[in-house]
1. Confirm whether E35 is acidic (D, E) and under 17 Å from P88 (Cα atoms).
2. Run down Q61, Q39, Q7 and say which single residue is in contact with a strand residue (DSSP E or B) (Cβ under 6 Å, 6 or more places away or on another chain), in contact (Cβ under 8 Å) with a residue 24 or more places away in the chain and not aliphatic (A, V, I, L, M).
3. Being out of contact with any helix residue (DSSP H, G or I) (no Cβ under 7 Å at 6 or more places or on another chain), among the small types (G, A, S) and open to solvent by less than 60 Å² (accessible area, probe 1.4 Å), is that true of even one residue in region 18-29?
4. In the set V37, V92, which member is out of contact with any helix residue (DSSP H, G or I) (no Cβ under 9 Å at 6 or more places or on another chain), modelled with pLDDT under 95, β-branched (V, I, T) and outside any helix (DSSP H, G or I)?
5. Which residue pairs have Cβ atoms closer than 6 Å, lie 6 or more positions apart in sequence or on different chains, and pair a first residue in region 65-79 that is without any contact (Cβ under 8 Å) to a residue 12 or more places away in the chain with a second residue that is surrounded by fewer than 18 Cβ atoms within 10 Å (Cβ to Cβ)?
6. Could you list all residues from region 1-24 that are part of a loop (DSSP other than H, G, I, E, B) and modelled with pLDDT of 95 or more?
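The values are calculated or read from the model by the stated rules, or taken from the named source; none is laboratory data. None of the values given here were measured: they were computed from a predicted structure. Cβ: placed from backbone, ideal geometry, glycine included. Neighbour counts: every protein chain shown. These area figures cover heavy atoms from the full protein model, side chains too; ligands, DNA and RNA do not enter into them. Shrake-Rupley method; radii C 1.70, N 1.55, O 1.52, S 1.80 Å.
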Amino acid sequence: MKLASFQYLPAKSAENEIRTGVFLDDNNILDLQLEAVAQGFANNFATMLDIIAGGAAALAQISLMAEKPRTAAIMLNTVLLCAPIPRPRKNVF
């Protein structure tokens, strides 16, 4: 399972927030926030830090969502991939 942080294009929009997703294949990504709402999961997976904090349970939910998505997959050429954790909580060095 490959996770990613991304923005919808055009990325210049002021309201265009960084979102989290899971790759369904080499060309399609699933927006985890939209999918969580569609499937009724309490977690919103807003950031990679939320996913990390959720641990194995969060990864299991993401795996279930990716198996049978209820929202449309997003073509990779319509998003801008971002750093996995754009704003880390502290210096990692």
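1. no
2. Exactly one of Q61, Q39, Q7 is in contact with a strand residue (DSSP E or B) (Cβ under 6 Å, 6 or more places away or on another chain), in contact (Cβ under 8 Å) with a residue 24 or more places away in the chain and not aliphatic (A, V, I, L, M), namely Q7.
3. no
4. V92
5. Correct list of pairs: empty, since none qualify.
6. K2, L24
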